[in-house]
């Protein structure tokens, strides 16, 4: 699923359908066409970096699938055990994937501690990675240091609360095929990255590709650390290297580390495919170095084996679930890869995006036709939300739909993922599932307080969806309404499905699902903060109490104003709520008032 060639889905049996095996292989999910979508998932359960899947070609007389140690490994020491897991579920593909992942997380002791506390997963970013306006370039006539200062000034001027910046490789790295020294050459940040951090007070998400064979850190080149040199690439062999490298980064504001080109490094260092332990050692040492420095890690261009290895590395909190987001591409289609990531406790990252379509002078000679679609997908992913606009090119209204006034991302309880029928349509073109992207997610406040979100985009024709299709089994009796028309409510039941049509990339369809409440004889829906992509976000709503009144506890920035909507007997209206100095407030539905604290 995270293989560089992407997800493969098709019908079992035909020799024309190829399973992604070998180096790029990952979990195999086999499902059927019946209503419950019976699902069988098989994957490695340990030794992820040295395990592989291989399917015998049916044209050669067999059709078997094999799991075990990858074929390139030259020596397997006595006593080494490789395990696989087989999970069978009868409640659909999404639920099977989640249950499979829960077993693996429990087995390896992985919790959501680091994901929940990761600053970069909770606050708005500005990025300069591939696809950003300032990737591979600075402002005309200025160096990168002045460009960073101008970006910060611009964001303050327009009131967009970016809380950290991601610097791409060209902003601070000494390059020779790979990285020679992970530092800022004089012409990039003339006063140094620590001076820039002190000046801007903006923390840094540090990007890094693979190491050059000429790296100054290697003892072979006069450095202090043991590296394995293989052709033009190098691999660090000591944990203290990572500890020291990332400790140095902390001085200039480093709060998270992005390891890119994981696929290229894995195949470029031959011993990673011939030594049964080296791959795990490499990633574990990196993770331990980050943990010692209070950092988290993002994986980029990873194979499924890297993703699975993160089960043993708790500080790996996120991974790119898409290809690079160059303007005009469909890198927003992450509904299936997000399911894989979420199942094993990783937040999926859609990559940065532009908030306006036309940004003259960009190096891609492109426009971005669907900035709103990228924005909503990034927010619903529960991963990082980062913009990469030119100075003067940010749509504040659009980006503030993703965050509160402090830049805190208002996200759902889980990533939006492709519904089961969408995945089955990918395998069977004649299946009655949607011909296009249909995803669902929800915010869960406990008990019956569950609020759904349905996204449909690039949908050919129409599609009718029941609560079961959306994964809302067990939800209370609910109503659904389009995001742009809170008065247009309708029941969401098996007998009254949601009809979706004309859901394009430019005019995607976004629907919200709210439980039906009866308060003083009136039918009431809590619709929430409708000027946000996620109107009922656990990052905004901390408690809901329902009795003769509905009282809702809200949190946010000091003195922030939020419009919180209710639908009463088919008519929607807001309660305007101004939070107190502590960024807290309690809203009373019956009184129509809000008391800030």
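Let a ≥ b ≥ c be the square roots of the eigenvalues of the Cα gyration tensor of region 417-596; is it rounded (a/c under 1.5), or, if not, prolate (a/b larger than b/c) or oblate?
Taking the square roots of the gyration eigenvalues as a ≥ b ≥ c, region 417-596 is prolate.
Can you show me the helix-derived [θ] at 222 nm for the chain, built from DSSP H runs with n ≥ 4 at -39,500 (n - 2.57) apiece and divided by the number of residues, rounded to the nearest 500.
Helices in the chain give a 222 nm mean residue ellipticity of -5500 deg cm²/dmol.
Mean separation of Cα pairs under 8 Å and 6+ residues apart, divided by the residue count of region 113-399: what relative contact order is that in percent?
20
In whole percent, what relative contact order does the chain give with Cα contacts below 8 Å and a gap of six or more residues?
The normalised contact order for the chain reaches 11 percent.
Using only the C-alpha atoms of region 370-475, find the volume of their convex hull and express it per residue in Å³.
127
Nearest 5 is fine: what % of DSSP beta bridges in the chain come out antiparallel, could you say?
For the chain, the DSSP antiparallel bridge percentage is about 75.
What ratio of Cα Rg to 2.2 N^0.38 Å holds for region 57-120? Could you put the intermediate results ahead of the total?
Values: Rg = 17.7 Å, N = 64, 2.2 N^0.38 = 10.7 Å.
Normalised Cα radius of gyration, region 57-120: 1.66.
Using square roots of five times the C-alpha gyration tensor eigenvalues, list the equivalent-ellipsoid semi-axes of region 22-108 in whole Å, biggest first.
Each semi-axis is the square root of five times an eigenvalue, giving 25, 19, 8 Å.
Checking a compactness column here: for region 48-173, what do you get for Rg(Cα) / (2.2 N^0.38 Å), N being the number of residues?
1.74
With the Cα gyration tensor of region 359-430 in hand, give its eigenvalues times 5 under a square root as the equivalent ellipsoid semi-axes, listed largest first in whole angstrom.
Equivalent-ellipsoid dimensions as semi-axes: 28, 20, 8 Å.
Can you give me the relative contact order of region 175-225 as a percent, contacts being Cα pairs under 8 Å and 6 or more apart?
46
Does region 499-597 come out rounded, prolate or oblate by the C-alpha gyration tensor, with a ≥ b ≥ c the root eigenvalues, rounded set by a/c under 1.5 and, if not, prolate when a/b is larger than b/c and oblate if not?
Cα axes put region 499-597 in the oblate bin.
Enumerate the whole-percent occupancy of each 10 Å bin, from 0 to the last occupied one, for all C-alpha pair distances of the chain.
3, 16, 26, 26, 18, 8, 2, 0
Beta carbons within 10 angstrom, averaged per residue: use that to sort the peptides 203-214, 522-533, 467-478, highest first.
203-214, 522-533, 467-478
Read-outs: derived from the displayed coordinates by stated rules, not from any lab. All values reported here derive from a predicted model rather than from experimental measurement. Positions of Cβ are generated from backbone atoms using ideal geometry, with glycine treated the same way; all protein chains shown enter the neighbour counts.
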